[in-house]
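Rule-based calculations on the coordinates, nothing more; no lab input. Please read all numbers here as calculations on a predicted model, not as lab measurements. Neighbour counts run over all protein chains shown; Cβ positions are idealised from the backbone, glycine included.
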Amino acid sequence: MAREKMTGAQAVVRALEAEGVDWLFGVPGGAILPIYDALFDSKKLKHVLVRHEQTGAHAAEGYAHATGKVGVCFGTSGPGATNLVTGIADAYLDSVPMVAITGNVSSALIGSDAFQEADITGITMPITKHNWLVTDVKDLPRILKEAFYIARTGRPGPVLVDIPKDIQNAELEFEYPETVNIPGYHPPVREEPRLKDAAALIRASSRPIIYLGGGVRTASAYEEVAQFAELVGAPVVTTVHGKGALPETHPQCLGMFGMHGARFANYAVQDSDLIIALGARFDDRVTGKLSTFAPEAKVVHLDVDPAEISKLVTATVPLVGDLKLLLPQLTAEVRKAFAASGRADLAPWVKKVADWREKHPLHYAVQGDEFIEPQHVIRRIWEKTQGKALVTTGVGKHQMFAAQYWTTTQPRQFITSGGLGTMGFCLPAAIGVQLGKPDALVIGIDGDGSFQMTLQDLATAVDLKLNIKIFILNNLFLGMVHQWQDLFYEKRLAETPLSDLPDLVKLADAYSCLGLRARKPSELEDVLDRALAHKGGPVIVDIRTRPDAHVYPMVPAGAPLNDMIDGE
Amino acid sequence: MERDEKLPTGSSHTVSLLVENKPGVLHRIAGLFSRRGYNIASLTVGPTERPEYSRMTIVVLLSSKTVEQVVRQVQKLVPVVEVRELSPVDLIERELLLVKIRTPEKNHAELRALAETYEAKIVDVSPDALIIEASGNAGKLDALEDRLATYGIQEICRSGRIALERGFKTLAPPNLK
């Protein structure tokens, strides 16, 4: 590539173009103005003006979740940068590839408590894979190259590049590097994988279970997982980010386990003698009380991040590496081991799990004609869309109902905030998903509390004429907290009832989009049909659901995984 | 198993790091230790044979299992080129001690003799105080401190541990420029 004279701001635009970025999300401001000015001339980059930087970051996450590409967001110095923090933290915990670019005050002012100055590299150090404060414009091409490389390789995650205004204005001879050389960054792993040991454990196990996490999505290892699972024949459970890693209609798939997993899935994990964890990290929301977790199970743990191995649950056999490359090798090794030495008979185990499944299914009751049951709403939307829509959720009861009742059959179909649990994720993520997948039907399942945390970006969705459909399961409560108060705080409902505000139909009207409402079961079908048929912009659907419909089963925080409340 | 590393219990482990010599690297490492609750007994940092890299020696009080986790977490930091727990068997470790004793001049001769036993030096003398400099492993310096306590220690400054492993092994990976 020939060298070309340009400003730092123009170099940022050129680097993003070189990285194949199409959509990016942000809000301009004083300290990032040179970059926005350069962006004005770009024919390749399409900038979405969001109404708050947090939603820009979540939209970038939604885009990245749906496409597997790196999400990009912009913010100005100070509050612009700090507003990005929640989105960056969310991406960090859910391993979402993201590059956040912030402007900062000029180098000479840094450290002087200047107007709109914040130490955003200091602030985001614990929630990024890495970040940079650019001090010399000549470093900018290299840093941006490294930023995208680090964001998408190994265990993906967010990075942040903070660029002072004078650096944006300074001139450089631009040449975008073709390769990176970062001495301290090693996504490929140096430990020899113990495939034979893992295969021996799998061969000998009579009660194995396969546990799939978000790493399957990260590695796009869907085929490889299906082949492995079918060879081993073990029941399969997933985390919320593992939904769709194996189609939930697959006969071996028991769906999600953990705090709100199905009883049969939790029983199967607890009773297993071997857990094969693929791209998962034994989060407390899936293990329950760690010291009582699957007491008889040995553990084969395959993950791209060596620091996840034996962090919480000790791996009998660790396998560090890229799931997509390593899992087929394990499959081959297991096939060899089966052929050479036979294997334990799984029939009694499979039967036992099937019996649990029959005896303790996920279920809900439709009671009377006064209240709409939230689970029923999820099922009806699923049925009306033949389970083909892409789904984003907020965080709360509606999210767990969606996780339980949205049967996920495709990769990258169920998009949610899992690790950080960020209320307000649904709408901005839906924007990013729809831009990344323009032909897909994108459904948001949100709660009334969650929706109100980012609703200002309805304007963005309307501007872009996105046909996203946000279904708000409105129980007039901060529902998940309400559930905990009902169960663990003697029904003392401290600050969880929400007033019936805003009027969501009028709100939709104020934003020039369609607003619909269903108050009673008899109104539901028509409203869902109208919402799904609507074209020409977003739809907000206010669905009044039974306030005391809680998410069951539930493993109370700190209880053993098989110690579930209700759901019988 | 539960995480029970909150209190500074556990045994002493020496972790050696080769890091890029860039602004903010110490912050990144110290921040990682603090947010994950790893207790640091001492931390030293200094230049190496390559000007673009620094060497850090961090002594932690943790269980062996947790130290393994520390090493894996630290390795994830981008400016960390290499990190390893140094084997206690092959360890050459040193620490520098400066100690100020407030004592009348009549005791100086006695202190000079004591210092000699510990291969220490008296580096400053005033009529009613003196400063002793000693180097060695932590155990030796602790013992010297104990002996000096009876004379009235005014101030102590210890450098924290630096360490290398015996033999030809180095921390720098072979492909490092």
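Relative contact order for chain A: 14 percent, from Cα pairs under 8 Å spaced at least 6 residues apart, divided by residue count.
Loop-located GluC sites (Glu not before Pro) across segment B:43-105 with a Cβ neighbour count of 16 or fewer within 10 Å are B:GLU49, B:GLU52, with loop assigned by DSSP. The GluC sites (Glu not before Pro) of segment B:118-177 meeting both criteria, a DSSP state outside H, G, I, E and B (loop) and at most 16 other C-beta atoms within 10 angstrom of the site's C-beta, are B:GLU119. Between the amide H of A:VAL299 and those of A:ILE275, A:THR316, A:VAL317, distances stay under 5 Å, these residues lying 5 or more places away or on another chain, with hydrogens modeled in the peptide plane.
Note on segment A:195-359: Lys pairs 8 or more places apart or on different chains, Cα atoms under 22 Å apart, count 12.
Simple point charges give the picture: +1 on the Cβ of Lys and Arg, -1 on the Cβ of Asp and Glu, and for segment A:374-544 a dipole about the Cα centre of about 400 debye. Within 10 Å of the Cβ of each residue in A:175-184, the mean number of Cβ atoms contributed by other protein chains is 4. Label separation (B:LYS22 vs B:SER64): 3.5 nm, computed from points 7 Å beyond Cα along the C-beta direction. Sorted on the mean count of surrounding Cβ atoms within 10 Å across their residues, most packed first, peptides A:71-79, B:28-36 read A:71-79, B:28-36. In this structure, B:SER12 and A:ARG492 have a Cβ-Cβ separation that, at R0 = 51 Å, corresponds to a calculated FRET efficiency of about 0.60.
Charge dipole of chain A (Cα centre as origin; +1 on each Lys and Arg Cβ, -1 on each Asp and Glu Cβ, all else neutral): 1280 debye, rounded to the nearest 20.
Taking θ as phi - 60° and the Karplus parameters 6.51, -1.76 and 1.60, the scalar couplings of segment B:104-121 work out to x, 4, 4, 7, 4, 5, 4, 5, 4, 5, 4, 4, 4, 4, 9, 6, 9, 10 Hz in sequence order, x denoting glycine and proline. Based on DSSP H segments of at least four residues, each scored -39500 (n - 2.57), chain A has a per-residue ellipticity at 222 nm of -11000 deg cm²/dmol.
Counted without the sites themselves, the longest stretch of chain A free of trypsin sites (Lys or Arg not before Pro) in a DSSP loop having at most 12 other beta carbon atoms within 10 Å is A:191-387.
In this simple spin-label approximation, A:LYS352 and A:ASN169 carry label points 7 Å from Cα along the Cα→Cβ vector, and these lie 7.2 nm apart.
Remark on A:PHE74: its backbone amide H falls under 5 Å from those of A:PHE25, A:GLY26, A:VAL27, A:ILE101, a criterion applied only to residues 5 or more positions apart or on other chains, H modelled at 1.01 Å from N. Where a ≥ b ≥ c are the square roots of the eigenvalues of the C-alpha gyration tensor, would you call segment A:4-174 rounded, which needs a/c under 1.5, or, failing that, prolate if a/b is larger than b/c, or oblate? Taking the square roots of the gyration eigenvalues as a ≥ b ≥ c, segment A:4-174 is rounded.
Only helical runs count toward this figure. For chain B, summing -39,500 (n - 2.57) over DSSP H runs of n ≥ 4 and dividing by all residues gives -7500 deg cm²/dmol at 222 nm.
The phi-based Karplus calculation (6.51 cos²θ - 1.76 cosθ + 1.60; θ = phi - 60°) puts the 3J(HN,Hα) values of segment A:117-130 at 9, 9, 7, 6, 5, x, 5, 9, 3, x, 10, 10, 5, 6 Hz, whole numbers, x for Gly and Pro. Loop-resident chymotrypsin sites (Phe, Trp or Tyr not before Pro) (DSSP state other than H, G, I, E or B) in segment B:91-177 with no more than 16 further Cβ atoms inside 10 Å of their Cβ: B:PHE168. Near the amide H of A:LYS46, within less than 5 Å, lie the amide hydrogens of A:TRP23, A:LEU24, all on another chain or at least 5 residues away, with H placed in the peptide plane. Between B:ASN175 and A:ASP136, the FRET efficiency estimated from the beta carbon spacing at R0 = 35 angstrom works out to 0.85.
How would segment B:92-162 be classified by its alpha-carbon gyration tensor: rounded, prolate or oblate, with rounded meaning a/c under 1.5 and the a/b versus b/c comparison settling the rest? Prolate. Can you bin the protein assembly as shown into rounded, prolate or oblate? Criterion: square roots of the alpha carbon gyration tensor eigenvalues sorted a ≥ b ≥ c, rounded for a/c under 1.5, prolate for a/b above b/c, oblate for the rest. In terms of gyration-tensor shape, prolate. Compared with the dominant Cα axis of chain B, that is its longest principal axis, helix B:138-149 is turned about 30°.
To the nearest 10 degrees, how steep is helix B:25-35 against the longest Cα principal axis of chain B, on a 0 to 90 scale? So the helix axis and the longest Cα principal axis differ by about 90 degrees. Here the 3J(HN,Hα) profile of segment A:537-547, calculated from phi with Karplus coefficients 6.51, -1.76 and 1.60 at θ = phi - 60°, is x, x, 10, 10, 10, 8, 10, 7, 10, 4, x Hz, Gly and Pro shown as x. Computed from the Cβ-Cβ distance with R0 of 51 Å, the FRET efficiency linking B:ARG94 to A:LEU312 stands at 0.85.
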